[in-house]
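Below is one structure; the comments refer to it alone.
Every read-out reported here was derived from the displayed coordinates using simple, explicitly stated rules and does not represent laboratory data. These numbers come from a predicted model, not from an experiment. Cβ sites come from the backbone with ideal geometry, for glycine too, and all protein chains shown count toward neighbours.
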Amino acid sequence: MHLESQPCRTRTPAGSEAECAWAMSDFQVAPLTARELARVRDLHAKLLPVQYPVSFFIHLLVIPSRACYVAYSHGSPVGFISAALHNPTRCFISGDSEVSPRLEILTLGVLPAFQHRGLARRLIMSLVNAFKQDPATPILIYANVSTTNTRALQFYERMGILVSSDIITNLYRTLSYGSRDAYLVVGAL
């Protein structure tokens, strides 16, 4: 999927479509570097209720099966995605009998001022394309999403990544204000 070539359209408050005032070329997406680690860690802390240790970010840099992509606007990080590639398994979503790797989204976030501009979709596709061995073969992708995060659940549904589990009770136990339940969302891209 080449996102820059798609027209930018958005809905006005009245419900009609309008051209966006920005373009995807206003944003750059690049792999996390050691130089950017502190800024991306700060962005995670702003956007996610779970605080990740420095070791989480170092693992994204040094473990070959881990990755983090960062979206930048005018040189400042405005979004991120991190993931882990797991050993191949049969793809039960696409129905393929061939063995496929699994890509687990660990974190995904975009600053509110930059949401609804296609950045989260672009981050996901950047990650998928980085790990995909054959463009014609889908890669199984999954994530855990809080049951209360309806916006994220709707976003994943639009991407074709659907709820595939019952509620996972108390999955997020590291929150300072208690725990949260989650769903497993799964798709093939």
| query | Applying 1/(1 + (r/R0)^6) with R0 = 25 Å to the Cβ-Cβ distance of residue 26 and residue 65, what FRET efficiency is obtained, to the nearest 0.05? | reply | 0.20
| message | Ignoring solvent entirely, what values of log10 I(q)/I(0) come out of the Debye formula for the stretch 25-188 at 0.09, 0.10, 0.12, 0.16 Å⁻¹ when each Cα is a single scatterer? | response | -0.29, -0.36, -0.53, -0.98
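Based on the Cβ-Cβ distance from residue 121 to residue 87, what FRET efficiency comes out when R0 is 35 Å, to the nearest 0.05?
For residue 121 and residue 87, the calculated efficiency is 0.85.
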| said: Please compute the length gained on full extension between residue 104 and residue 45, using 0.36 nm multiplied by the number of residues separating them and subtracting their Cα-Cα distance. | reply: 19.2 nm
| query | Please state the relative contact order of the stretch 25-188 as a whole percent: Cα pairs under 8 Å, 6+ residues apart? | reply | 18
| field | Most to least packed among 118-124, 41-47, 136-142 [average Cβ atoms within 10 Å] | value | 118-124, 136-142, 41-47
| remark: A chain fully extended from residue 151 to residue 130 at 0.36 nm per residue, minus the present Cα-Cα distance, gains in nm 5.0 nm
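Explain nothing, just the number: dipole magnitude of the stretch 25-188 about its Cα centre with +1 on each Lys and Arg Cβ and -1 on each Asp and Glu Cβ, in debye rounded to the nearest 20.
About 360 debye.
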| field | Distant-in-sequence amide H partners of residue 137 (H built 1.01 Å from N, under 5 Å) | value | none
| Roughly speaking, what is the stretch gain from residue 163 to residue 144, that is 0.36 nm per residue apart minus the C-alpha to C-alpha distance, in nm to one decimal? | 5.9 nm
